[in-house]
Structure formats: structure tokens, C-alpha cells
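The values are calculated or read from the model by the stated rules, or taken from the named source; none is laboratory data. None of the values given here were measured: they were computed from a predicted structure. Cβ placement follows ideal geometry from the backbone for every residue including glycine, while neighbour counts extend to all protein chains displayed. Ligands, DNA and RNA are excluded from the accessible area calculation, which covers all protein heavy atoms including side chains. Shrake-Rupley method; radii C 1.70, N 1.55, O 1.52, S 1.80 Å.
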Amino acid sequence: MTAETFNDAELRQAMHRVRTEVDKAVVGQAGTVTGLLVSLLARGHVLLEGVPGVAKTLVVRSFARALGLDTKRVQFTPDLMPGDVTGSLVYDARTGEFDFRAGPVFTNILLADEINRTPPKTQAALLEAMEERQVSADGVSRPLPDPFLVAATQNPIEHEGTYSLPEAQLDRFLMKLVVGMPERDAEVSVLRKHASGFSPRELTGVEATVSADEIRAAQDAAGRVEVTDDVLGYVVDLARATRQSPSVELGASPRASTGLLAAAKAWAWLNASTAVTPDHVQTMLVPVWRHRLQLRPDAQMEGVSADAVLTSVVQQTRVPI
């Protein structure tokens, strides 16, 4: 079945079914699921940050199950080597030649659990895969499956034995989603599910609701959403405002702007809009840019956050009519 077989309404319904399916296993994380879906449609990657026990891994596993895509999980540890992620050349004694043995990155959805627990050398092994969607070894470039999404998790409160992600790799993530504690009613629902026999290891009841062809067609459809010059100028004005903020040492780059545009187009398409509006841009601004700003040391000491800076930037930047 080709992409032309589907119409936008059918594809949009299919994407919403994914959210409904994930809700069977995950309670109180609707925003996180939506962020994953937007990133998938925008052909981006996601960094999930949250304390232990808030269902970061469960959300990604349920999301992958609902999409019906191949998924692999890598537990990042201090002794993990780059070849353990991307693959390596292995000598075959029978043929006398080296054969490439593909690593877990050759999948549709890669769950990189606790990515900040492995050294920068191994973290960097994901750079080419995330940006170029290929792995190079022995002078040969091997394409990764399509669609491809990296969903990485990290713990913000434990710093012993961790390695902060370098800016070059943070920039490869389209979104940074902060997974917080659920509300009281949601937490009661979680306990009720477990009391009735729910097992997060088995994901009973979560079924695939879309095909890979539908996902690719939805990505293409989201990419065709129109953007006016006024909205393009608005994105640039927001980026320039971050660079001029007194609390910011390094503001949003042109890559950050293109990422925001892609996310806004995906969000607009999900909401059945034919064109991107400033509201779509504002909705996506914080999750797409919060990890790309470098704050000045004095601002950090005063407790200023990237989220607060971005909220202020939105309030102070003129919105095109």
C-alpha cells in the first residue's frame, strides 16, 4: 500500500488511535505521549527526563507497541562501547573476511535507557544515526530502517556516575519532555490498574493500530502543511529574542528554528489545520527549545530556568496578525 492510498482524515484518526492505545497502559502522561507522536511525525528524536518511577520506559514501550514497529532497548552503562550500539565488524573464520554485525540501533524505535550513564564516546555513537539515519563502518554507510526514532531517558537528580550529554548531542533531540509526577486521581488510577492484575512487563491489551506505511504517509502529510512568511518571521524573531536575553549565554540556533517549524507543522496537522499558526509555534516552543539554551552562570545561580526564559520570550515577542 502506498502513501497515496491514504487521505489525511484516515491518517489523523490512525494517529489518534495510537494515543488511545497507549492510554490502556499509561495513566496521566498524555502530554508525553503527544510529544512522542509529534516527534515521530516530524521525524525527530525525544529526550525524556524524569525521576525514577514515573513510567518513562513504559511510555516508550507502549508507544512502540501501539505503532506496531520493531523496537529495541539499550541500557546505557559506564562500560557500554560504541559498537554495542551501532554494531561492529566481526571476523568470520570460515570465509576469512570481516562481516558487519548490526547493533540494536538498526530498529524503528530505539529506547536508550539512562543515556547519561554512559561515557561521551558511546553517546557520540548515536550522533550519525540520529542525524544522518545511517551507520558507517569500514567505509560503508548502512541506512537505518524508516521510520526511525530514538527515545532516550535520563534521571535529573542523580549525578554520581553520570555524564552530561554534550551540546552537540542534545541538539539532535527534537524535543526534551519533562515527565513529572501524576496528579492524585491519575495515581489512584495507576494503583487500581495494578490491583486488577496489570503487568507493565507484558503490556497486555496494547495492540498495534497503524502500519509503517501509514506512519510514513502521515509524516509526509505533516510535512506538506503550509507556512506563511509571517509565521516564518515569527519563528526567527523568537530565536533572535533568545539570543538577546540577558539570562542566556547561547540562544536558539538556526537548527533549533527548523526543529520548531517541523514540530509546529506536525502539531498543526494533528489538529486538522491546513497551515501553521503562531499558536502552534507557541505550543511547541518550550519542549523543542528548552534543552538548546545555555543559561549564564549568574542566571542559573538565581534559579532562572530555560522554561521561564522561553515563556518570557513568547510574552515579549510581537505576534503576527
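Some observations on this one:
- Remark: the stretch 74-154 is approximated by an ellipsoid whose semi-axes, taken from the C-alpha gyration tensor as √(5λ), come to 23, 15, 10 Å, largest first.
- For LEU48, the residues 5 or more places off, or on other chains, whose built amide H falls under 5 Å of its own are ALA152, THR153, GLN154, LEU177.
- Per-residue ellipticity at 222 nm from helix content only, as computed over the chain with -39500 (n - 2.57) for each DSSP H run of at least four residues, stands at -13500 deg cm²/dmol.
- Classification of the stretch 157-284 by its C-alpha gyration tensor yields an oblate form. The axis ratio a/c (a ≥ b ≥ c) is 1.5 or more, and b/c is at least a/b.
- The stretch 35-92 and the stretch 179-248 have Cα centres lying 15 Å from one another.
- In a reduced charge model with +1 at each Lys and Arg Cβ and -1 at each Asp and Glu Cβ, the chain shows a dipole moment near 340 debye about its Cα centre.
- Dipole magnitude of the stretch 1-80 about its Cα centre (Cβ charges: Lys, Arg +1; Asp, Glu -1), debye to nearest 20: 200 debye
- Residue pairs exceeding 18 angstrom between C-alpha atoms, taken from LYS56/LYS176; LYS24/LYS193; LYS24/LYS56: none.
- Dimensions of the chain from C-alpha coordinates, computed as largest minus smallest value along each principal axis and given longest first, are 68, 45, 44 Å.
- You can think of it this way: the chain between ASP23 and ARG101 has 24.4 nm of extra reach, that is 0.36 nm per residue less the Cα-Cα gap.
- Using the alpha carbons alone, the radius of gyration of the stretch 13-101 stands to its Kirkwood radius in an Rg to Rh ratio of 1.13.
- 3J(HN,Hα) along the stretch 90-107: 10, 6, 9, 5, 6, 9, x, 10, 8, 10, 7, 9, 4, x, x, 5, 7, 7 Hz, from the Karplus curve 6.51 cos²θ - 1.76 cosθ + 1.60 with θ = phi - 60°, whole Hz, x for Gly and Pro.
- GLU226-LYS121 pseudo-label distance in nm [points 7 Å out on the Cα-to-Cβ vector]: 5.4 nm
- Ranked from largest to smallest solvent-accessible area, with a 1.4 Å probe on the protein heavy atoms, MET301, MET181 come out as MET301, MET181.
- Amide H contacts of GLN134: ALA129, LEU144, each under 5 Å away and 5 or more positions distant or on a separate chain (H built 1.01 Å from N in the peptide plane; Pro and chain starts excluded).
- In this Cβ point-charge picture (+1 for Lys and Arg, -1 for Asp and Glu), the stretch 5-142 has a dipole of about 460 debye about its Cα centre.
- Cα gyration tensor shape of the stretch 1-149, rounded if a/c is under 1.5, else prolate or oblate by comparing a/b with b/c: oblate
- VAL314 versus GLU302: modelled label distance in nm, points set 7 Å from Cα along the beta carbon direction: 2.2 nm
- Dipole orientation for the chain: of the candidates ALA151, THR228, TYR91, ALA151 has the Cα lying most toward the positive pole (charges on Cβ; Lys, Arg +1; Asp, Glu -1).
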